Every structure is written in structure tokens, then in C-alpha cells.
Amino acid sequence: MKVYATRHGETEFNAENRISGVTDVLLTEKGIAQAQELAARAKECGDIQRIIASPLRRAQMTAQIVADALGLPVQTDARLTEWDYGSFEGKDRFTEGFAETKAEFGVKMPDGGESVFQVVQRTYNVLDDVKRLYPDENVLLVCHGGICRVIDSYFHDMTVERFMGFFMGNCELREYEFGEK
């Protein structure tokens, strides 16, 4: 059983280096083209049997383009929603305090945001459910950079530095296999 993970295509916020967390932004023309390229790569894999996506429109748009190419429906799981960055939403990625707050795993983002621990819990729960519910299927998760970072940590041991330095490009496709976790 394999899990494929991808980040949505480019959005205007991505192009402008703005924090988009739970802010529901659309794909750019470039993002749509990236999703089309992803669909071709997913088709080449030849073994994706299920697609599960975040409910945010950038992930849904990406997932639908892939789903159309593969002839599959898109399931939605709210637990794949990007990290809620609280009052950092919409600000420049290099805003003072943002990187430091991200690295404090037990500290919630200001003004209603989530902590790393909260994001990890819900993402690990999705992966545990995928393993339990679809043991004979290869599943594509269409989500976000922060969620992809957590997915990678589920399958690989990570130092804090590696976790915080992890980056997933738009529509990059990574493959993982469930072991005896």
C-alpha cells in the first residue's frame, strides 16, 4: 500500500510569498498548468486508486484536475486543511515572529491559530485512517505544504531542524509506503 502526497498548484499568495494557511485562495494560471502536469505524472504512476483532498479550493481544484485524468472521484477530508496560522494569515512569509512561532511546537499561532502538535495530530489521524480503511489501495493525498511536511515526518524520523526546513514544491509528488507502524 502506497500513499502519494502532493501540494496544490501555485496560488497568488504563493507567488507573492504570502502566508495562506486556511485562507481559501484559488490557483493561478501557472497553478492550473502545474496541476495538469501533476495529473500526467499521476497517470504515469498507474496505481493510484483513491484521491483524498483538503476542502480548501486550491487543493480541490488541483485534486479535480488529477481526478479527471485518472477517472476517479475526489473525497474530501477536512483534517487535510492547511495549518491555521492565525493572525499571520495573508502576511508576508518573512513577517517578524512567524518562523519562530512555527518552530515552537506546543505554541499556538496567535489569534485562534493552531500549534504544530494540533496539525500533527489531525494529519497522523488521517494517515492512520487511510492505512486502516484502504489497506489494499494506493491513495493520493492532495493537500498543502505544512501538511506535506507532517506527512513526511510520519514516514521518516526528523530533527526539529529537518522538520522546519522541509519544503514541498507546488504539485511535487512524493511516494511513501506503510511499514509496520
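The values are calculated or read from the model by the stated rules, or taken from the named source; none is laboratory data. These figures come from a predicted structure and were not determined experimentally. Side chains included, ligands, DNA and RNA excluded: accessible areas come from the protein's heavy atoms. Shrake-Rupley method; radii C 1.70, N 1.55, O 1.52, S 1.80 Å.
Here are the numbers:
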item	result
Binned Cα-Cα distances of segment 27-119, short to long, each 10 Å bin given as a whole percent	16, 34, 27, 21, 2
Binned Cα-Cα distances of segment 85-127, short to long, each 10 Å bin given as a whole percent	29, 50, 19, 1
The chain: relative contact order as a whole-number percent, Cα under 8 Å and 6+ apart	35
Average accessible area per residue (Å²) across the chain - probe 1.4 Å, nucleic acids and ligands excluded	47
Set of lysines near Lys108 by C-alpha distance (under 21 Å), chain-local residues within fewer than 8 positions excluded	Lys91
Most mobile of Glu161, Glu82, Glu44 in a GNM of the chain (Cα contacts under 10 Å)	Glu161
Segment 1-52 - percent of accessible surface contributed by carbon and sulfur, probe 1.4 Å	45
Choice from Gly113, Gly169, Gly46 showing the highest fluctuation, given a GNM over the chain with Cα pairs closer than 10 Å	Gly46
Distance between segment 128-181 and segment 1-36 - C-alpha centres, whole angstrom	17
Cα convex hull volume per residue for the chain (Å³)	101
